[in-house]
Amino acid sequence: MADQQNPQLSGFIVERMELGVFAVDSSFNIVLWNHFMHTHSGKSWESLKGTNLFASFPELPESWLKRKIEHVFALGNYAFTSWEQRAYLFRFKHNRPITGGVDAMLQNCTFLPLRDAKGKVELVVITLQDCTDNALIQQRLAEAITVSDEERRKQQELIVKLEDAKNQLYQSEKLASIGQLAAGVAHEINNPIGFVNSNLGTLERNVTDLMKLMAVFESKETELPKDTQRELSKIKKEIDFEYLKEDLAALISESKEGLSHVRRIVSDLKDFSRVDQSGWQIADLEKCIDTTLNVVSNEIRYKATVVKEYGHPPLVECVPGQINQVLMNLVVNASQAFPERGQITLRTGEEGMYVWIEVEDNGIGIPPENQQRIFEPFFTTKPVGTGTGLGLSVCYNIIRKHEGDLIVRSEVGKGTCFRILLPIFHGKMGESEEIEFANSAPQ
Amino acid sequence: MNKGLSEDQTDALQELANIGMGQAGDSLARIWKEFVHLSIPKIAIVDASRLPALIHGFVGDTAVSASRQAFHGGFRGEVLVVVSAKDRNGLANLMGYEGQLDSVEREEVLLDIVNLLGGACVGGIAQQVNAEIGFSAPSLIGEDIDPLDVIHPDQLAIDKALSLEVCFQVENRSLTAHLVILLPNNEVGALAELLDQFLCTL
Ligand SMILES: Nc1ncnc2c1ncn2[C@@H]1O[C@H](COP(=O)(O)OP(=O)(O)OP(=O)(O)O)[C@@H](O)[C@H]1O
Ligand SMILES: [Mg+2]
């Protein structure tokens with residue numbers, strides 16, 4: 001083939017192309033050494049001609065390279081090395097002294113058998129290609145892919161977080177409007193309650209006075225003419241005056257009782273929605289439970305008996321409005337777990353640096369496969385339109401923000417117990433809280 | 001499309017592969033000073049979808065390492081070498097490596113195995129039928145992979161292939177390598193022609 005081509009041209013190309021070319025005979029003596037090899041090794045053809053490759057370059061990995069070349073001689077096949085496994089054959093400076101970032105020229109080598117007329121391999125020609133540029137690009141590409149994978153993963157995480165935040169926002173917005181409504185209503189109710197209360201006081205006094213007057217009249221009744229007496233006793237019978245006297249007092253005292261109940265509900269509502277205080281506070285969790293129970297009492301009255309087993313743990317640094325939300329969700333969930341009527345037990349206690357609250361019911365329980373999922377947003381087993389499935393996910397997030405824990409223990413058919421663990425101390429007092437849903441409510 | 005090789009052609013190919021590999025095995029045995037055993041080459045036309053099962057058949061349920069190399073010239077195709085994973089160091093010191101191998105050296109050994117065996121077999125055949133064959137640099141398919149994962153038929157550009165299978169063993173080294181030469185169906189014609197020419201010269 002070579003003899004059909006211009007030998008001068010071929011010689012020129014071998015000598016001058018940007019590719020290392022050298023050849024050895026079967027004793028590993030150098031028989032060809034092109035310009036590229038000269039430039040990069042610093043050793044010229046004249047100085048190397050006929051010398052042993054391994055004597056001239058003792059730094060070469062001799063046993064491996066010898067074997068490799070021997071194989072080519074014996075089998076007459078090509079052989080290769082790639083920079084990916086073997087960075088280089090000869091340690092040459094690479095062509096990017098400034099922008100490189102690698103310490104030597106990365107090389108791909110090809111070993112070619114050169115056969116004599118009888119087909120026996122006479123020489124092995126080795127070409128050496130500078131792959132530094134390609135390798136660098138490939139390495140940067142690989143790095144870029146790693147970085148972009150990492151970024152994608154982060155984005156994925158952010159999307160999940162965003163979703164959570166959105167749910168939380170949705171729920172807290174709902175609660176915020178309920179809170180504002182409650183606060184507004186409470187405020188509106190407070191005024192009329194005030195004057196009804198004071199009127200009721202006046203009424204009571206007036207009635208007492210009237211009764212005093214009546215007693216005097218009654219004592220003088222016998223002095224009236226007989227006809228008038230008969231008329232009076234007829235009317236007294238008609239209106240059941242004896243009963244009316246007693247009932248009047250009872251009515252007033254019952255009304256006062258009812259009114260004080262209304263005032264407590266209003267103040268609980270205000271407490272619950274924390275119109276006046278929000279953010280981190282030192283709070284009594286048992287009081288939180290009582291407030292919450294008052295607010296939801298209507299919801300649960302006909303479904304459950306409430307049993308309190310308070311252990312009087314220390315006060316806890318928390319956002320009480322949020323703890324109230326958690327308790328409300330848990331108590332409402334519990335009340336919805338009874339096919340008929342059941343019992344909800346609320347316990348408190350202290351454990352190390354934590355205070356715990358348990359909300360336990362003897363309802364239907366949660367099957368194990370659902371226990372993994374109940375804290376997921378939108379997980380619900382309740383009929384469409386009944387539950388949003390957000391309750392527990394919001395609870396979980398609130399407790400997590402308190403650096404506490406929310407643990408479920410449940411057995412199907414026996415009941416469920418949610419345990420809230422809250423660290424007693426955070427050092428967060430005075431910091432403002434992100435979910436201050438009620439701070440803009442009218443006072 | 002070609003229907004494959006005639007019986008004569010198949011016999012000839014088997015004989016040529018046998019001789020080619022035999023010579024190569026002798027040469028290697030002389031360099032390594034170890035005995036080399038070669039199985040009689042098995043030739044078949046297989047559906048691409050059957051290739052994973054074929055490879056699984058060589059080794060059974062054990063992790064394997066595999067590498068491949070393309071050849072071109074008188075006929076074109078790819079050589080695939082599958083080595084059970086536990087054997088992968090078997091050839092290393094025959095290849096002049098010293099000491100424990102690190103992970104890139106293990107890769108290099110796998111590349112060298114496919115290069116040596118593929119060259120021996122394909123080169124041996126080509127030389128006898130007077131065809132010029134060149135080889136591209138080999139590449140790695142995978143280390144410690146399931147034999148069924150060596151080839152994914154849905155990623156192949158062919159639906160039928162000629163497979164030539166040889167099992168290569170070095171005594172005292174517990175190395176068994178399975179070599180498969182895959183020829184796309186439309187290359188079988190070129191090989192058949194070369195075989196015919198060769199048969200004429202006999
Ligand atoms: N005390 C409990 N007993 C039995 N199952 C419960 C109890 N608490 C929660 N679950 C189960 O967990 C699911 C999720 O509760 P979660 O409070 O998050 O949503 P929900 O109650 O279904 O809806 P929402 O609270 O929005 O009204 C419920 O649908 C129910 O299947
Ligand atoms: Mg709920």
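Read-outs: derived from the displayed coordinates by stated rules, not from any lab. Remember, it's a predicted structure, so these values are computed and weren't measured experimentally. Note that we place each Cβ from the backbone using ideal geometry, even for glycine, and neighbour counts take in every protein chain shown.
If you average the sequence gap of Cα pairs under 8 Å that are 6 or more apart and divide by the length of segment A:280-443, what percent do you get for the contact order? Don't skip to the answer; put the middle values down first.
Working: 295 pairs, mean separation 39.9, N = 164.
Contact order relative to length: 24 percent.
Segment A:198-273 and segment A:364-391 have their alpha-carbon centroids 54 Å apart.
In this simple spin-label model, placing a label point 7 Å from the Cα along the Cα-to-Cβ direction at both residue A:181 and residue A:196 gives a separation of 2.0 nm. If you wrap the tightest convex hull around every Cα atom of segment B:109-202 and split its volume per residue, you get 126 Å³.
Working note: Karplus 6.51/-1.76/1.60 with θ = phi - 60° gives segment A:372-383 the couplings 5, 10, 4, 7, 5, x, 6, 7, 8, 10, 7, x Hz, where Gly and Pro are set to x. Amide hydrogen proximity for residue A:390: with H placed 1.01 Å from N in the peptide plane, the residues at 5 or more positions away or on another chain lying under 5 Å are A:378.
One way to sum up the overall shape of segment A:183-234 is the equivalent ellipsoid from its Cα gyration tensor, whose semi-axes run 43, 11, 5 Å, largest first.
With each run of n ≥ 4 DSSP H residues scored as -39500 (n - 2.57), what mean residue ellipticity at 222 nm is computed for chain A after dividing by its residue count and rounding to the nearest 500 deg cm²/dmol? Let's see the in-between values first.
Numbers: 12 runs with 222 residues, N = 443.
That calculation yields -17000 deg cm²/dmol at 222 nm.
Remark: spin-label model distance residue A:31-residue A:259 equals 12.2 nm, labels positioned 7 Å along the Cα→Cβ axis.
Take every pair of alpha-carbon atoms less than 8 Å apart whose residues are at least six positions apart; their mean separation over the length of chain A yields a relative contact order of 12 percent.
Once the chain from residue B:159 to residue B:40 is taken as fully extended at 0.36 nm per residue, the excess over their C-alpha distance is 40.3 nm. Here is what passes the span test in chain A: the DSSP H helices with alpha carbon length of 30 Å or more along the helix axis and a Kyte-Doolittle mean of -0.5 or above are A:132-219, A:241-273.
Given 0.36 nm per residue, what is the gain on full extension from residue A:282 to residue A:247 after removing their alpha carbon distance, in nm? Walk me through the intermediate numbers first.
Working: separation 35, 0.36 × 35 = 12.60 nm, distance 4.63 nm.
This chain segment gains 8.0 nm when fully extended.
Would you mind getting me the FRET efficiency between residue A:139 and residue A:407? Use the beta-carbon distance for r and R0 = 60 Å, nearest 0.05.
Values: r = 48 Å, r/R0 = 0.80.
Efficiency at R0 = 60 Å is approximately 0.80.
On the principal axes of its alpha carbon atoms, the protein assembly as shown extends 163, 60, 43 Å, with the longest extent given first.
The gain in end-to-end length when the residue A:146 to residue A:188 segment is fully stretched comes to 9.0 nm, 0.36 nm per residue minus the alpha carbon separation.
Give A:66/A:93; A:161/A:303; A:43/A:118; A:382/A:414; A:220/A:256; A:212/A:234 a once-over and call out the pairs whose C-alpha atoms are over 28 Å from each other. Present the calculation step by step, with values, prior to reporting the outcome.
On the way: A:66/A:93 24 Å; A:161/A:303 37 Å; A:43/A:118 34 Å; A:382/A:414 19 Å; A:220/A:256 33 Å; A:212/A:234 22 Å.
The pairs that break the limit, which is 28 Å between Cα atoms, are A:161/A:303; A:43/A:118; A:220/A:256.
As a test of the definition: which semi-axes, in Å, follow for segment A:280-443 when you take the square root of five times each eigenvalue of its alpha carbon gyration tensor? Largest first, please.
Computed over segment A:280-443, the values are 25, 18, 16 Å.
When both segment B:28-93 and segment A:29-95 are represented by their alpha-carbon centers, they are found 29 Å apart. If the Kirkwood radius is taken over C-alpha pairs of segment B:7-200, then at 10 °C and 1.306 mPa s the Stokes-Einstein diffusion coefficient equals 94 µm²/s.
Given R₀ = 30 Å, what would the calculated FRET efficiency be for residue A:116 paired with residue A:43, taking r from the Cβ atoms and rounding to 0.05? Could the numbers behind the result be given before it?
Details: r = 28 Å, r/R0 = 0.92.
Computed FRET efficiency for residue A:116 and residue A:43: 0.60.
For residue A:355, the residues whose modelled amide H falls within less than 5 Å of its own, excluding neighbours fewer than 5 places apart on the same chain, are A:422, A:424. Scaled against the 2.2 N^0.38 Å expected of a compact globular protein of N residues, the Cα radius of gyration of segment A:1-155 reads 1.24. Model label sites at residue A:9 and residue B:63, defined 7 Å from Cα along the beta-carbon direction, differ in position by 5.4 nm. Taking the inverse of the mean 1/r over every pair of distinct Cα atoms in segment A:228-366 gives a Kirkwood hydrodynamic radius of 18.1 Å. Residues considered: A:88, A:354, A:302. Largest GNM mean-square fluctuation over chain A, using C-alpha springs under 10 Å, is found at A:88.
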